1. Can you list residues whose amide H is under 5 Å from Val27's amide H, if they're 5+ apart or on another chain and H is modeled 1.01 Å from N?
2. Just check segment 2-64 against the gyration tensor rule for me: Cα atoms, a ≥ b ≥ c as the square roots of the eigenvalues, rounded for a/c under 1.5, and otherwise prolate or oblate depending on whether a/b exceeds b/c.
3. As an exercise, use a Förster radius of 25 Å and the Cβ-Cβ distance of Val9 and Arg69 to find the FRET efficiency, rounded to the nearest 0.05.
4. Roughly how many nanometres apart are two label points built 7 Å out from the Cα toward the Cβ at Ala87 and Arg24?
5. Return one number: the angle in degrees, 0 to 90 and rounded to the nearest 10, between the long axis of the Cα atoms of helix 2-22 and the longest principal axis of the Cα atoms of the chain.
6. Build a GNM of the chain with springs between Cα atoms under 10 Å: which of Leu47, Leu92, Leu72 gets the top mean-square fluctuation?
7. Going by alpha carbons, how many degrees (0 to 90, nearest 10) lie between the helix axis of 66-93 and the longest principal axis of the chain?
8. Between (i) 82, 42, 16; (ii) 46, 35, 20; (iii) 52, 27, 22, which matches Cα extents along the principal axes in Å calculated for the structure shown?
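Only the coordinates and a few stated rules stand behind these numbers; no lab work does. Because the structure is predicted, anything quoted here is derived from the model rather than measured. No Cβ is skipped: glycine too gets one built from the backbone with ideal geometry, and neighbour counts run over all protein chains shown.
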Amino acid sequence: MRFVYWTLVALAAALLAVFAVSNRGSVSLGLWPLPFAIDLPLYLLVLLPLLAGFLAGKFAGWIAGARRRRELRHRRRRIGALERELAATQSLLDGGTPTLPSPAGGGRVGA
């Protein structure tokens, strides 16, 4: 599957390179109320908005995943605290001295 992904990425990169080489002609871009115009290659006029849209989509996806990342962090901390508590309980059952969980773990001290 990874091979297919990288093959498609290489194909897309090759197509973009061919597009950029084929469309090097200069285009004048002017925005009506502003008194100036900018000359830039046609491929930049096409590829920069595509790049901006890609980055905006990645940013929106990152923002949308914030709740899931926060929940995963919480679950990791909870699992760590439960593992420390289990280790302390097992050492008590084995007759050893109890190992106290760290204060950051949120586990109970003693039984």
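1. Leu40, Leu42
2. It comes out oblate by the Cα gyration axes.
3. With R0 = 25 Å, the Cβ-Cβ based efficiency is 0.45.
4. Distance between label points: 6.3 nm.
5. Once rounded, one gets 30 degrees.
6. Between Leu47, Leu92, Leu72, it is Leu92 that shows the largest mean-square fluctuation.
7. For helix 66-93, the angle is close to 20 degrees.
8. Computed from the coordinates, Cα extents along the principal axes in Å corresponds to (i).
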